[in-house]
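Notes for the one structure printed next.
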Amino acid sequence: MIEVRGLRKSFDGVEAVRGVDFAVEAGEIVGFLGQNGAGKTTTMRMLTTLLRPTSGTAVVAGHDLLTDPRGVRRRIGYVAQGNSTNPLNPVGDELELQAMLHGMRAAEARQRVAEVLDRLDLTGLAGRVGGALSGGQRRRFDIAFGLLHRPPLLFLDEPTTGLDPQSRADLWRHIRALRDEQGMTVFLTTHYLEEADALCDRLLIIDAGRIVAEGTPEELKRRVAGDDPDAPVPTLDDVFLTLTDKERV
Amino acid sequence: MSGMRDTYLIFRHNMRIQLRHKSAVLFGAAQPALFLVLFGPLFTSVGTWEILVPGLIVQLALFSAGLAGFGIVFDVRFGVLDRLRVTPAGRTPLLLGRVLGNVAVLLVQTVLLLALGYAFGLRAPLPGVLLGLALIVPLGVSLASLSYAVALTIDQETFAPMVSTVIVPLTLLSGAFLPMSMAPPWLDAVSRLTPFRYVVEALREMFTGHYATPAVAAGAAVTAALTALCLALAARVFARATA
Ligand SMILES: Nc1ncnc2c1ncn2[C@@H]1O[C@H](COP(=O)(O)OP(=O)(O)OP(=O)(O)O)[C@@H](O)[C@H]1O
Ligand SMILES: [Mg+2]
């Protein structure tokens, strides 16, 4: 579903992503972990056609990123790390526009918006302007934009930041259901390692613009534990701190 | 064609947003309207309304469509533009739909200004007014496109002060307030380098019922060239916008 080859991005001098290669299979939920500034968002923005790679390329959802960006856009959903609504506009209008830009007719779009809002527990809020929503409600609206057109591949950049524990658990359940029912592939970043552990089939760890480890949560824990049978079972936090090689208090 | 549909969708969406803020539409036309009310009666003691109102229309276009870029600064900041850019919609429809929304608002404002002008004594013939409005459409397209191109290129804090400063000399050099034929030669020469002078002169001819004249042809040609240039520039900027 995603095949990345030598993807690289530098912003006048800053090497944000230093040549990454990885693959994501159809139907996988893959977590993309790394510290602040590691290059997660930059990688995602390249894979979603928003940012032109300095070099390297990728095949995303069956289409080449550089030669067929439109083909990519047709088949992906993307929820950015920041917000995606104007605080002065009713969110429902924006959602309908988004659905129609994905090819839906007006009636279909309206129905689909209602459906997605229902799934995300936002029913009744569509008439509000973005500025009149709580942080968590706004975040769930951001997520709705990525789901409208039932994309086969969904990119989520820190989707659960700002959500309360209940909403977070609901979203996990929803993401798993999308995968199980529609075979959706999900590529997400998160700083909540228990979330990565619970939700993801496989993890990619990026550090300073390079992929430093990949595997299932279990594999990564085993690797960090080493051969010592008496060592305590490491948590994903231990894995993360070891692999990203930073001394922390 | 999906390009036309996308353009229409974006146009309609942006129209709705702008018309929801009716006071902004009115305030956008306030400056030329104030000139009309507070300067017009003075001006018409030496000139005519058919000379003044075309200048005020160009001033309005500069203030209204010229500041279109404001909207996109916010849409970039709020992630709206990125959200639209991950849909299959073409980059040009995303631009053109917005631009046409700005032009529609400009037309509404122009009609309001014309109505006010008529109340004060403007007596332009209807065909001339309609031709004038037809010229305002490409003028608005060029100004709004240019405004977007600038807004997406320079840094956000600079945009507002820069554009509102640039608009003043452009308005003055267009001869909006007094015909440039009254200017000293050097000022007249500088004014000939700016496109808006030709638009003002074409509108003045139209408003006095002269249609097949060199000034009308020049105004139309300059506007067409300006529109093509600004649209091409903005489309380029839009296609690679917002790293
Ligand atoms: N437009 C830009 N111009 C210059 N440098 C940038 C730009 N965008 C990102 N960077 C730099 O690139 C590096 C990677 O940033 P990126 O946003 O990809 O990190 P991230 O892994 O998503 O971090 P976080 O967890 O904080 O979201 C950082 O050092 C950042 O400062
Ligand atoms: Mg990030």
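Every number here is computed from the coordinates shown, using simple stated rules; none is lab data. Since the structure is predicted, the reported quantities are computational estimates derived from the model, not experimental observations. All Cβ positions, even for glycine, are placed from backbone atoms using ideal geometry, and neighbour counts span all protein chains on display.
Ordering B:VAL76, B:GLY40, B:LEU112 by the projection of their Cα atoms onto the charge dipole of the stretch B:35-158, which places +1 on the Cβ of Lys and Arg and -1 on the Cβ of Asp and Glu, puts B:VAL76 at the extreme positive end.
When restricted to Cα atoms, the protein assembly as shown yields an Rg and a Dmax of 27.6, 101 Å, respectively.
Rounded to the nearest 500 deg cm²/dmol, what is the calculated helix-only ellipticity per residue at 222 nm for chain B, with -39500 (n - 2.57) per DSSP H run of length n ≥ 4? All intermediate terms of the calculation are to be shown ahead of the outcome.
Numbers: 13 runs with 192 residues, N = 243.
Mean residue ellipticity, 222 nm, calculated: -26000 deg cm²/dmol.
At what distance in angstrom do the alpha carbon centres of the stretch A:114-180 and the stretch B:1-69 lie from each other? Taking the Cα centre of each part, the stretch A:114-180 and the stretch B:1-69 sit 40 Å apart. Compactness of chain B, taken as the C-alpha radius of gyration over 2.2 N^0.38 Å, stands at 1.01. If I take R0 = 56 Å and measure r between the Cβ atoms of B:ALA228 and A:HIS174 in this structure, what FRET efficiency does the formula 1/(1 + (r/R0)^6) give, to the nearest 0.05? The pair B:ALA228/A:HIS174 has a calculated efficiency of 0.70. Take the Cα radius of gyration of chain A and divide it by 2.2 N^0.38 Å, N being the number of residues; the result is 1.04. Distant-in-sequence amide contacts of A:ILE29, defined by a placed amide H-H separation under 5 Å and a gap of 5 or more residues or a different chain, comprise A:VAL186, A:ASP201, A:ARG202.
What does the average come to when, for each residue of peptide A:95-105, you count the partner chain Cβ atoms lying within 10 Å of its Cβ?
Values: counts 0, 2, 11, 8, 1, 9, 14, 4, 6, 0, 0.
Mean shielding by partner chains, rounded to a whole number: 5.
Comparing B:ILE51, A:LEU133, A:TRP172 along the charge dipole axis of the protein assembly as shown, the residue lying farthest to the positive side is B:ILE51, per the Cβ-charge model.
Taking Cα atoms only, the orientation of helix A:135-147 departs from the longest principal axis of chain A by about 80 degrees.
Using the Kirkwood radius over C-alpha pairs as Rh, can you work out the diffusion coefficient of the stretch B:1-136 via Stokes-Einstein at 4 °C, viscosity 1.567 mPa s, in µm² per second?
Numbers: Rh = 16.3 Å.
My calculation gives 79 µm²/s for D.
Computed about its Cα centre, the charge dipole of the stretch B:30-182 is approximately 260 debye, with only Lys, Arg, Asp and Glu carrying charge at their Cβ.
The mean sequence separation of alpha-carbon pairs under 8 Å and at least six residues apart, normalised by the residue count of chain B, gives a relative contact order of 28 percent.
Computed over the stretch B:168-243, the alpha-carbon pair-distance distribution with 5 angstrom bins reads 3, 16, 19, 20, 16, 11, 7, 5, 3, 1, each value a whole percent. Note on A:144-157: average number of Cβ atoms from other chains within 10 Å of each residue's Cβ is 1.
Determine, for each peptide in A:28-40, A:53-65, the mean count of other beta carbons within 10 angstrom over its residues, then list the peptides with the highest first. Working shown, then result.
On the way: A:28-40: 20.5, A:53-65: 18.5.
Highest-to-lowest ranking by the protection proxy: A:28-40, A:53-65.
Candidates B:ALA144, B:ALA176, B:ALA224 compared by Cα position along the dipole of the stretch B:2-239: farthest toward the positive end lies B:ALA144, with charges placed on Cβ.
Put simply, the amide H of A:GLY77, placed in the peptide plane, has neighbours under 5 Å in A:LEU153, A:LEU154, A:PHE155, leaving out anything fewer than 5 places away on its chain. Rounded to the nearest 20, the size of the Cβ-charge dipole of the stretch B:154-234 about its Cα centre is 220 debye, with Lys and Arg at +1 and Asp and Glu at -1. Using the Cβ atoms and a cut-off under 12 Å, what net charge is assigned to the surroundings of A:GLU94, where Lys and Arg are +1 and Asp and Glu are -1? Counting the neighbours of A:GLU94, the net charge comes to 0. Tell me the angle of helix B:2-20 to the major Cα principal axis of chain B, expressed in degrees between 0 and 90 and rounded to the nearest ten. So the helix axis and the longest Cα principal axis differ by about 70 degrees. Would you mind counting up the charge near B:PRO54? Only other residues with Cβ under 12 Å from its Cβ, with Lys and Arg at +1 and Asp and Glu at -1. With Lys, Arg at +1 and Asp, Glu at -1, the neighbours total -1. To the nearest ten degrees, helix A:165-182 and the longest principal axis of the Cα atoms of chain A are 90 degrees apart. Dipole check for the stretch A:158-203: with +1 at the C-beta of Lys and Arg, -1 at the C-beta of Asp and Glu, and the Cα centre as origin, the magnitude is about 120 Debye.
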